[in-house]
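What follows is calculated from the coordinates using simple rules that are stated; it is not laboratory data. These numbers come from a predicted model, not from an experiment. We place every Cβ from the backbone using ideal geometry, glycine too, and count neighbours over all the protein chains shown.
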Amino acid sequence: MKRFVLALALLLGFGLAFSPMVNAKMTKKELVNEAKKQICEVTPADAKAMIGKHGNVLIDCREPSEFEAGHVPGAMNIPRGLLEFKIEAAVPDRATKIIIYCKSGGRASLACCSLCRMGYKNVVSIQGGWKGWVKAGYPTEK
């Protein structure tokens, strides 16, 4: 009986570990591709047109050293690893349009998914991230 209770407690406490939605063999590429299916990506040109309009917020989710080396003008730096912890203070209104980017799009895609799960309604990722922005010839700053 004790084994049954212990097994049941483990299953209830760690139910997600046994969920069919969890795939322990998923690669980072597969995880990012799955995220990209669930988010809205915009071209660098579309993002440029959105920045600074109607209270839209631009977030660079790269690491601080990457941000300091160069970023899109007007971006605030909230690293991907801290995003869920800092977003509510930085953007309290969950209806705010958030434009997010990273180096090439992977971290931003995952970040968009997290923000959507947290209830943010208008989150988009810049296709190609920082690299796409620079390739398009748009302004940058340090």
Of the peptides 25-37, 74-86, how do they stack up when ordered by the mean number of other Cβ atoms within 10 Å, highest first? 74-86, 25-37
Enumerate the whole-percent occupancy of each 5 Å bin, from 0 to the last occupied one, for all C-alpha pair distances of segment 25-135. 2, 13, 25, 27, 20, 9, 2, 0, 0
